[in-house]
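Quick notes on the structure that follows.
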Amino acid sequence: MRGDEITLKDCFPDGLYAPTDIFGIANCKIPANALADVCQKLHFDLGFNYLADITAIDCQDRIEVVYQLTNLSSNEKIALRVDLDHETPVIDSVVSIWKGADLQEREVYDLMGVVFSGHPNLTRILLPSDWEGYPLRKDYVIPD
Amino acid sequence: MSSQIKTDLIEINMGPQHPSTHGVLRLDVTLDGEVVVDCKPDVGYLHRGVEKLAEMRSWVQFIPITDRLDYLASMLNNAAYVGAVEKLGQIEVPERAEYIRVIMMELQRVASHLVFFGTMALDLGATTPFLYAFREREDVLDLFEMVCGGRLTYNYFRPGGVSRDLPAGFYEKCKAYIKKQREKLSEYDDLFTNNQIFIARTRDVGVISAADAINYSLSGPSLRGSGVAYDVRAADPYSIYDRFDWQVVTREIGDSLSRFLVRVDEIKQSLSIVEQALEAVPEGELKCRTLPRMKLPEGQIYYHIESARGDLGVYIVSDGGEKPYRLKWRAPSFINLGALNSMVKGWKVADVVAILGSLDVVLGEVDR
């Protein structure tokens, strides 16, 4: 039944679906506590089965995490953006939804210091385990 | 006496210096007898902090650094980065430059797949195909050398074009190469692809289903080997790929042999694209006024292309200045490596080599 079809809007909590178009990709800002739920719906109800990329940007007053999702059947794309506290950035892990998030979340943790709660093995990946600091932060001081 | 034999699991290291790991990759493999129960890739040996380096260099100065990521496909790295800069800066590319770029990108894909073909054979104990593949790859490197002087790191793409025009004699030499490569491909098939030992080592080994491959965010030939027809050149056409007649190659089974055959067939498709592009290169200006201190407007962009290893993404944040505010490199090798554990579980140690080989990772790109 057409009337029962789930739309993008239904995947977001009330009134939160306000996409901005950035070079053809709908970017949606959502609060951190809504991420797990939105991802669950986008994946299981709307077929956003492919997690292309996770990255984080240090905006100096906050840390922004960006997820690039693709629906491989319809080739539709969407990006989710979440603002986190600059000092203690914590967000739910999406590894239980997309296994491809595993290494990507570890990389973001390693280089930007974002903690993904619920990640099965959140350890440093590119840097040695005893490294101090998060190099992609803007206030990181490069050691001699 | 108990009839049960007590066995312990043992943990072994493969790498970081091991010929089958294609660079400095360490695999922490847990074995039950000869059977793999767990395999943890340990990466980062080549980490150079490329994303941080980008923040300290001008837009143009970062191009030679991209050469050093996936060093078997530097042209494609150039293309991904420069493509993102052009889209964000709304920089026009002349027609002639677009065609030259496609020729370079597809020749690069062929060269990269030839290395894959040779090293995969070498991993499985066949030395000769490696020499054959490298012999032909040499011709591609000669073509690149003619065009830009480099054989491995090219620094050839510029925002708004390429650094130099095609030199005299390029068409003839490139056409001769395509003809020769096509003949050699059937020779490869006789020598290696149809070899019973090779087939026994790879058929049904390390199978990953389409659903799992997607869930693990696999991309490139490794994803298409599981029957998913996702190729950025077709799904999200960039440059001028929509003008050529070519097909997305897939195989259904998702085993190591499928991933191998996808790449062999992609060589044929790429040769055909190069041939079509050579016929159609328009005359015209190749003007490329790249300012060393160019500025890009404030904004962000996620841009991706199909590299030899998969979906190569570049995320750029610009604050309107002369340098990137933030640059993220979505390296297909890195993400493809994430699926390795699930693919090797239950297989023997010797199969780990075949399965890892079939993923075709390049550590320069994994570690960045």
Picking from B:ARG330, B:ARG309, which residue would you name as being crowded, with 22+ Cβ neighbours inside 10 Å, away from chain A (no Cβ under 14 Å) and under 19 Å from B:LEU218 (Cβ atoms)? B:ARG309
Strands (runs of 3 or more DSSP E) (entirely within the range A:1-120) containing at least 2 residues that are open to solvent by 30 Å² or more (accessible area, probe 1.4 Å) and within 14 Å of chain B (Cβ to nearest Cβ): A:20-22, A:76-85
For the range B:204-222, how many residues are touching a helix residue (DSSP H, G or I) at 6+ places or on another chain (Cβ under 9 Å) and facing another protein chain (nearest Cβ under 9 Å)? 6
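Table: residues versus (1) modelled with pLDDT of 95 or more; (2) part of a strand (DSSP E or B); (3) in contact with a Phe, Trp or Tyr (Cβ under 9 Å, 6 or more places away or on another chain).
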residue	(1), (2), (3)
B:ARG263	no, no, yes
B:LYS268	no, no, no
B:LEU278	no, no, yes
B:GLU283	no, no, no
B:LYS287	no, no, no
B:PRO297	no, no, no
B:TYR302	no, yes, yes
B:ALA308	no, no, yes
B:GLY313	no, yes, yes
Exactly one condition in (1) in contact (Cβ under 8 Å) with a residue 60 or more places away in the chain; (2) open to solvent by 90 Å² or more (accessible area, probe 1.4 Å); (3) not hydroxyl-bearing (Ser, Thr, Tyr) is not met by B:LYS6; state its number. (1)
Among the residues of the range B:238-251, is there at least one that is hydrophobic (A, V, I, L, M, F, W, C), open to solvent by less than 10 Å² (accessible area, probe 1.4 Å) and within 13 Å of another protein chain (Cβ to nearest Cβ)? no
Of everything in the range B:237-254, what is assigned to a loop (DSSP other than H, G, I, E, B) and touching a residue at least 60 places away in the same chain (Cβ under 8 Å)? Give them in sequence order. B:TYR238, B:SER239, B:ILE240, B:PHE244
Name every residue in the range B:233-272 that is β-branched (Val, Ile, Thr) and out of contact with any Lys or Arg (no Cβ under 9 Å at 6 or more places or on another chain), in order of residue number. B:VAL264
Which is within 30 Å of A:ASP53 (Cα to Cα), out of contact with any strand residue (DSSP E or B) (no Cβ under 9 Å at 6 or more places or on another chain) and free of Cβ contacts under 8 Å to residues at least 24 places away in the same chain, of B:ALA176, B:ALA211? B:ALA211
What are the pairs with Cβ atoms under 9 angstrom where one residue, in the range B:318-336, is β-branched (Val, Ile, Thr) and the other, located anywhere, is open to solvent by 10 Å² or more (accessible area, probe 1.4 Å) and part of a helix (DSSP H, G or I)? Sequence gap at least six, or different chains. B:ILE335/A:LEU103
Close pairs from the range A:72-93: first free of Cβ contacts under 8 Å to residues at least 40 places away in the same chain, partner assigned to a loop (DSSP other than H, G, I, E, B) and among the charged types (D, E, K, R), Cβ under 7 Å, at least 6 apart: A:HIS86/A:ASP61
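Just one of B:SER358, B:SER342 is of a type outside the set (D, E, K, R), assigned to a helix (DSSP H, G or I), facing chain A (nearest Cβ under 9 Å) and farther than 23 Å from B:LYS52 by Cα; which is it?
B:SER342
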Qualifying position, being farther than 17 Å from B:TYR154 by Cα, among the aliphatic types (A, V, I, L, M) and in contact (Cβ under 8 Å) with a residue 60 or more places away in the chain, among B:ALA97, B:ALA126: B:ALA126
Collect the residues in the range B:52-93 that are open to solvent by less than 10 Å² (accessible area, probe 1.4 Å), within 21 Å of B:ASP367 (Cα to Cα) and within 14 Å of another protein chain (Cβ to nearest Cβ), keeping them in residue-number order. B:ALA54, B:LEU69, B:ALA80
Among the residues of the range B:15-39, write down those that are in a strand (DSSP E or B), touching a Lys or Arg at 6+ places or on another chain (Cβ under 8 Å) and closer than 15 Å to B:ASP367 by Cβ. B:LEU27
Find all pairs meeting these conditions: Cβ atoms under 9 angstrom apart; at least six residues apart or on different chains; first residue within the range B:255-278 and farther than 19 Å from B:ILE178 by Cα; second residue of a type in the set (Ser, Thr, Tyr) and modelled with pLDDT of 95 or more. none
If you go through the range B:168-178 one residue at a time, do you hit one that is of a type outside the set (Lys, Arg), in a loop (DSSP other than H, G, I, E, B), more than 30 Å from B:ASP351 (Cα to Cα) and open to solvent by 60 Å² or more (accessible area, probe 1.4 Å)? yes
Matching residues, the range B:40-67, being part of a loop (DSSP other than H, G, I, E, B) and among the acidic types (Asp, Glu): B:ASP67
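The values are calculated or read from the model by the stated rules, or taken from the named source; none is laboratory data. Because the structure is predicted, anything quoted here is derived from the model rather than measured. Glycine gets a Cβ as well: all are built from the backbone with ideal geometry, and neighbour counts include every protein chain shown. Note: accessible area is taken over every heavy atom of the protein model, side chains too, but ligands, DNA and RNA are not part of it. Shrake-Rupley method; radii C 1.70, N 1.55, O 1.52, S 1.80 Å.
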